[in-house]
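Notes follow once the structure below has been shown.
The values are calculated or read from the model by the stated rules, or taken from the named source; none is laboratory data. Model, not experiment: these values are computed from the prediction. Glycine also receives a Cβ, built like all others from the backbone with ideal geometry; neighbour counts cover every protein chain displayed. SASA here: full protein model, heavy atoms, side chains in, ligands and nucleic acids out. Shrake-Rupley method; radii C 1.70, N 1.55, O 1.52, S 1.80 Å.
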Amino acid sequence: ANGTTIAIEELTTGTELSSIIVGDMPNSDDVDTLLTWSQANPTLANTTTSVTNNKMSITDTIFNFNNDLIKSSAEHLHIIKRNNICMVVKANTIRLGDSLISGTGSIVLVTSVQVITGMFKVYELDVETNDTFIANGILTHNAKESLDETP
């Protein structure tokens, strides 16, 4: 929140981060509620949020958007704009032509999506009271489900 950058693995409980309130998007950790939300041209309001938990997990697949702009697990939720509608989607459904939302509220066109397999450390960051945070200049949502749980 103070304008500095820190690696996600170094974030500790209580660290204050930049965040954005997106229109009437529910401030919820319920995946189904978030995945059914959409809004045309929501207002964006800058705010802050605090780290409440940072759990490292291992995953076998990550999604790399725009040549290392932001990487995430397949199930991680992101706020995107598709066909002029803002919505919450899982990383594995983001496609070329969608737009991510930057920390300043501008849109960032998704120009590349790379699926990378292997063994990767990922960090499930939980933040409160607002459930969004800025990661590498991109608005994203906090942790929902444990990545190491199998359906």
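How much solvent-accessible surface does residue 56 expose, in Å² to the nearest 10, with a 1.4 Å probe and all protein chains in place?
90 Å²
Counting only heavy atoms of the protein chains, get the accessible area per residue of the chain (1.4 Å probe) and round it to a whole Å² value.
52 Å²
Roughly how big is the chain's charge dipole about its Cα centre, with Cβ charges of +1 (Lys, Arg) and -1 (Asp, Glu), in debye to the nearest 20?
Charge dipole of the chain: 600 debye, to the nearest 20.
Given the whole protein assembly as supplied and a 1.4 Å probe, what does the accessible area of residue 124 come to in Å², nearest 10?
Taking all protein chains as shown, residue 124 has close to 20 Å².
Under the definition of Cα pairs under 8 Å and six or more residues apart, what whole-number percent is the relative contact order of the chain?
After rounding, I find 29 percent.
Each residue of segment 22-37 in turn: what ³J(HN,Hα) in whole Hz from Karplus with 6.51, -1.76, 1.60 and θ = phi - 60°, glycine and Pro shown as x?
Those phi angles translate into 9, x, 9, 4, x, 8, 9, 9, 7, 4, 4, 4, 5, 6, 9, 7 Hz.
Could you tell me which label, among [x] 10, 40, 34, 14, 2; [y] 11, 44, 38, 6; [z] 10, 28, 30, 17, 8, 4, 2, 0, carries the value of P(r) over Cα pairs in 10 Å bins from 0, in percent calculated for this structure?
So the structure-derived entry is [y].
Which order do 99, 106 take when ranked by solvent-accessible area (1.4 Å probe, heavy atoms of all protein chains), largest first?
Result, largest first: 106, 99.
To make sure I understand the rule: partners must be aspartates and glutamates, Cα under 14 Å from the Cα of residue 81, and not fewer than 8 residues away in the same chain. Which ones qualify?
Filter leaves 98.
Going from most exposed to least, what order do 63, 120 have by accessible area with a 1.4 Å probe?
Largest accessible area first, the list is 120, 63.
Put 122, 113 in order of accessible area, largest first, 1.4 Å probe: what do you get?
Ranked from most to least accessible, the order is 113, 122.
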